[in-house]
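Here, each number is a calculation from the coordinates, and none is a lab measurement. Just so it is clear, the structure is predicted and the values come from calculations on it, not from any experiment. Don't worry about glycine lacking a Cβ; one is built from the backbone with ideal geometry, like all the others, and counts go over all protein chains shown.
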Amino acid sequence: MSVRRSKGDQEGRGAEKGIPYASNPALCPVRALAAWLDAAKITEGPLFRGVDKHGHVAAEGLNDCTVARIVQSAAKRAGLDPKTVAGHSLRAGFATTAAKKGKSLDAIMWQTLHKSEQVARSYIRHAKLFDDNAAVGLA
C-alpha cells in the first residue's frame with residue numbers, strides 16, 4: 001500500500017507499507033480493502049470516502065471529525081463508551097496490539113510512521129502492564 005502523505009511527511013515523499021493477509025478472512029484488512037475498492041469502484045484518489053443514504057460514494061476523502069464519529073459509533077455498538085475513543089484510537093490500538101504480540105518498537109514505528117521513540121511509546125497503551133510485573137503471584 002502506498003501512503004502518499006502523512007502528518008510527519010508534509011513534503012509528500014510518501015512511503016510503501018506492507019499489509020499482510022490475516023488468517024481469518026473475516027478479519028482480513030487486505031480482503032476488506034479489495035472488497036471496498038470493488039464495491040465503491042475506486043481506482044484512484046482517497047480510500048476512505050463518505051457514502052450517502054442512496055449508496056453514492058463521494059469523490060473526496062473523509063475528514064478527521066468524520067473518522068472520529070465513525071469510530072465512536074462503532075465503539076458504542078460494541079458496548080464501549082464512545083467518549084473514550086477517536087480516530088487516533090485506531091493507531092494506538094494497532095501499536096498496543098503489536099507490542100503485546102512481541103513486535104519491536106522499530107517495527108511498530110516503521111508501520112505507523114512514527115519518527116520519535118518517545119511518541120511511539122505513548123501510543124503503546126498498557127501493552128506490557130502485567131509482563132514481568134513484580135506484584136503478580138504475591139497473594
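Being in contact (Cβ under 8 Å) with a residue 24 or more places away in the chain, closer than 30 Å to L129 by Cβ, surrounded by 10 or more Cβ atoms within 10 Å (Cβ to Cβ) and not basic (K, R) is a property that A74 lacks.
Residues checked against (1) surrounded by 11 or more Cβ atoms within 10 Å (Cβ to Cβ); (2) among the acidic types (D, E):
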| residue | (1), (2) |
| --- | --- |
| S23 | no, no |
| A26 | no, no |
| A39 | yes, no |
| L62 | yes, no |
| D81 | no, yes |
| A86 | yes, no |
| L90 | yes, no |
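With the requirement that a residue be surrounded by 12 or more Cβ atoms within 10 Å (Cβ to Cβ) and touching a residue at least 24 places away in the same chain (Cβ under 8 Å), what does region 99-120 give you? Result: A99, K100, Q111, L113, H114, A120. Looking at region 17-123, the helices (runs of 4 or more DSSP H) lying wholly inside it that each contain 2 or more residues that are among the β-branched types (V, I, T) sit at 64-77, 88-100, 105-112.
For region 67-99, a residue qualifies if it is among the hydroxyl-bearing types (S, T, Y) and farther than 24 Å from H114 by Cβ, and exactly one does: S73. Of all the listed residues (G14, G18), the sole one being closer than 17 Å to Q111 by Cβ and over 16 Å from the mean Cα position of the chain (by Cα) is G14.
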